[in-house]
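One structure is given here, and the rest of the page talks about it.
The values are calculated or read from the model by the stated rules, or taken from the named source; none is laboratory data. All of these numbers come straight from a predicted model, not from anything done at the bench. Neighbour counts run over all protein chains shown; Cβ positions are idealised from the backbone, glycine included. Areas reflect the complete protein model, heavy atoms only, side chains present, ligands, DNA and RNA absent. Shrake-Rupley method; radii C 1.70, N 1.55, O 1.52, S 1.80 Å.
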Number of protein chains: 2
Amino acid sequence: MPPRQTTAARPAIDGARLAALLAEINSHGANPATGGYDRPAFSPADMAARRAFLAAMEADGLVAHMDAAGNVIGRIGPPGPAILIGSHLDTVASGGPLDGALGCAVALECVRAIRDAGVRLTSPIAVVATADEEGRFGGMLGSQALAGVLPDGWAERATDSAGVRLADAMRAAGLDASRLADAALAPGSVRAFLELHIEQGPVLEVEGIDIGIATAVSGCAVLDVVLEGAANHSGTTPMDMRRDAFVGLSRIGAALPAVARDHGTGDARLTIGAAALSPNAAHTIPGRADCTIILRDMSGEAMDALTAAVLALVEEAAEAERLAATVTVRSRLEPVALDPALQAAFARSAAALPGTSARTMPSGAGHDAQTMAALCPSALLFVPSRGGISHAPDEFTPWPAIERGAAVFLATVAGLATA
Amino acid sequence: MPPRQTTAARPAIDGARLAALLAEINSHGANPATGGYDRPAFSPADMAARRAFLAAMEADGLVAHMDAAGNVIGRIGPPGPAILIGSHLDTVASGGPLDGALGCAVALECVRAIRDAGVRLTSPIAVVATADEEGRFGGMLGSQALAGVLPDGWAERATDSAGVRLADAMRAAGLDASRLADAALAPGSVRAFLELHIEQGPVLEVEGIDIGIATAVSGCAVLDVVLEGAANHSGTTPMDMRRDAFVGLSRIGAALPAVARDHGTGDARLTIGAAALSPNAAHTIPGRADCTIILRDMSGEAMDALTAAVLALVEEAAEAERLAATVTVRSRLEPVALDPALQAAFARSAAALPGTSARTMPSGAGHDAQTMAALCPSALLFVPSRGGISHAPDEFTPWPAIERGAAVFLATVAGLATA
């Protein structure tokens, strides 16, 4: 049953207004050389985008502020626990126009649409544009601060890949890292967190589906593999006297798809994205191969099974090629389930919008929603990504698909805030 | 039947004198930081070693000179076509003490031993220390010049990996690249070329055999392979929607040993020593993989069959992973057969030395003997390499094994020069 509407006017997305707001955000950090957007966390472009978004919220009558983590939050409606909606404003280097920015723009457009329709809110709505979702400093700083789950002492130690300290980057942006804890939202002050984001994967486009409803954010383990053999002359060393680290690595790489299929769920993903040979000289048998295996699945049990299967695969490859092998689990994040009731609300809104198809799916990428789930029921709505491309200037979603996703998101938010 | 000796005294290697000569050569270019030797072609250390070797030959009564290519040649005995013996003095960066230098030292020690034994030569003996065998400028400059097989115009174009022009490097060494053709030996002026070298592979050590007699130098083809798929997010892209260039590369790498076994001779060698992924980021599916396949075998037919099998393998891997693939045969050198009569002479000398085992084997590495084969009957004798290691500071052959190899070489040279 669709949520009850408490007013006669039905709020509707204003596509032109949404596009203008998105363009305003992307006027900050646009890089003509790459065609992408550079708003690394706490950079001048990132802070300018935040200030502009804050000003836009205030102009729309929201009570807004920038918190101690650089998150920008604006609130409208009655007192009480809020429906929190939004995404992030920072980008990776030469990122696309949609990753994060779209979710922020849609969130504020929802408030504008609800206001214009004269909807009477029974719950307040808060719009948030989070800080450093892209992990310049290794985490999801903004949403971790909001959810109160920043690890002790982490903020003091954190640096970016160039060695810049978080505290220094924040100071340059006019923020004080020692006050990060002040950004924590009180438990119970937020009823739900909802985020709209591009899928950043190919599934919706390939299947011709309009809306993805994330059931969970997959867990992710990072395994460092080192294979050591013997670097010898490729001409003088017979095939049967070799200890070729690349042949060992190849056995692993070629078998990973089968391991994912046989030992994971249908959402298992195993990837070797980076590898290095040593000495990496064409005429020398590689004496050493290093690679990183990224392992993802939707349950801890499946991650355990995949990890065990990868370890067995590495051992088998090493034995076959007479290599020494070490596997180090560098990090492991557990899967995070998203809220079933909110998923159902998204599904109802999609079903109520004529000609709109939706499916549930895992989120293989990390998002603020997974962090916010520690604070409150959280949910994540996807719109299609052309070619599955993201983190690149040619990241693209057709505008009608954006408007359709925004409409589903709006209906859901309006339903929750008027229930 | 062994060759007839024309004198009563049997020439014998003086191990201490040989060791001293080798040490004298290696006093040039010794690198205390690496424990290796740096005598890149035409470097001051290389030229100093050449001048010292020239002086040593002159002190021993050889009529010696440095030719237009930087080769140092000394001759002794009657007029007429010579038995040419030697190897090269240049090294790779941080090379070992034996690769090249040992063959030069053994050659001069043979002349000293023959002289000391009062052997009357019926053929002159010429000792040669060739220039740039290691291919700083992309060829085997010294022996190519001697054999008169330098490609037209090559010397004018050649540069090293740092972009230094051959002509400039030679000028700095006091040589004139425009006169390289003057180094060519007249056809018929050389009866045979014999070279002693370390194996640079593991076979003799593993099999416990003292002497390797090369039957041929393997052919070598260099194949550049490019696989292009799609670089996508490792978390959001399901396994069955990927076009993972590394999985394709892995299929190729894992199958190469079987291809060598099934499509080549017992001496086939297939190696991927160098590979590069793009973007080579742990969390991104590789969109592109480049590698170089080095293909070696002892017959042109086997090389054809291996090349065809590699092309089929690449095509199969590309199809399985939905990649675009290109294979470019960047270069191909045909196998070079060495002289059967000289091989037999080495075998007879080994058999005549008590307790000495020998076997015929291919040379998987390139040597001056393969170039000289264009000018005259040529042969190549191997002594064992510990662990098959070469082109590295820990290149090593036990001294008794060196003396045994030198004795077999000496007996063969003495036999030929007194036949």
Worksheet, complete the sentence: Within the stretch B:306-344, residues in a helix (DSSP H, G or I) and open to solvent by less than 50 Å² (accessible area, probe 1.4 Å) come out as B:L306, B:T307, B:A309, B:V310, B:L313, B:V314, B:A317, B:A318, B:L342, B:Q343, B:A344
Practice prompt. Name the one entry in A:I272, A:I293 that is surrounded by 20 or more Cβ atoms within 10 Å (Cβ to Cβ) and at the interface with chain B (Cβ under 7 Å from one of its Cβ atoms).
Written response: A:I272
Discussion item. Every residue in the stretch B:252-269 that is in contact with an Asp or Glu (Cβ under 7 Å, 6 or more places away or on another chain) and either facing chain A (nearest Cβ under 7 Å) or crowded, with 21+ Cβ neighbours inside 10 Å (or both), please.
Written reply: B:G264, B:D267, B:A268
Worksheet item: For the stretch A:361-388, how many residues meet the condition of being within 14 Å of another protein chain (Cβ to nearest Cβ) and either of a type in the set (S, T, Y) or out of contact with any His (no Cβ under 9 Å at 6 or more places or on another chain) (or both)?
Response: 9
Worksheet item: Can A:P81 be described as of a type outside the set (A, V, I, L, M, F, W, C) and closer than 18 Å to A:A173 by Cα?
Response: no
Practice prompt. Sort out which residues of the stretch B:345-358 are touching a helix residue (DSSP H, G or I) at 6+ places or on another chain (Cβ under 7 Å) and either part of a strand (DSSP E or B) or open to solvent by 20 Å² or more (accessible area, probe 1.4 Å) (or both), and write them in order of number.
Written response: B:A352, B:L353, B:T356, B:A358
Fill in: Check on A:P286, closer than 20 Å to A:E316 by Cα, over 28 Å from the mean Cα position of the chain (by Cα) and open to solvent by less than 40 Å² (accessible area, probe 1.4 Å)
yes
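Yes/no matrix, rows are residues, columns are (1) farther than 21 Å from B:L353 by Cα; (2) of a type in the set (D, E):
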site: B:D38; (1), (2): yes, yes
site: B:P44; (1), (2): yes, no
site: B:R51; (1), (2): yes, no
site: B:M57; (1), (2): yes, no
site: B:R75; (1), (2): yes, no
site: B:I85; (1), (2): no, no
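Every residue, every condition in (1) more than 30 Å from B:R179 (Cβ to Cβ); (2) of a type in the set (S, T, Y); (3) within 20 Å of the chain's Cα centre (by Cα), yes or no:
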| position | (1), (2), (3) |
| --- | --- |
| B:V72 | no, no, yes |
| B:G77 | no, no, no |
| B:D99 | no, no, yes |
| B:A105 | no, no, yes |
| B:V111 | no, no, no |
| B:D116 | yes, no, no |
| B:V119 | yes, no, no |
| B:E133 | no, no, yes |
Item to complete: Report, by residue number, each residue of the stretch A:74-99 that is part of a strand (DSSP E or B) and either at pLDDT below 95 or surrounded by fewer than 24 Cβ atoms within 10 Å (Cβ to Cβ) (or both).
Response: A:R75, A:I76, A:G95
Discussion item. Step by step: first the residues of the stretch B:231-245, then only those that are in a helix (DSSP H, G or I) and facing chain A (nearest Cβ under 7 Å), then the one that is nearest to A:A221 (Cα to Cα). Which residue is that?
Written reply: B:M239
Worksheet, complete the sentence: Filter the stretch A:177-206 for residues that are β-branched (V, I, T) and in a helix (DSSP H, G or I); the one that is surrounded by the most Cβ atoms within 10 Å (Cβ to Cβ) is A:V203
Item to complete: Only residues that are open to solvent by 40 Å² or more (accessible area, probe 1.4 Å), touching a strand residue (DSSP E or B) at 6+ places or on another chain (Cβ under 6 Å) and either of a type in the set (K, R) or in a loop (DSSP other than H, G, I, E, B) (or both): list them for the stretch A:6-59, please.
Response: A:D38
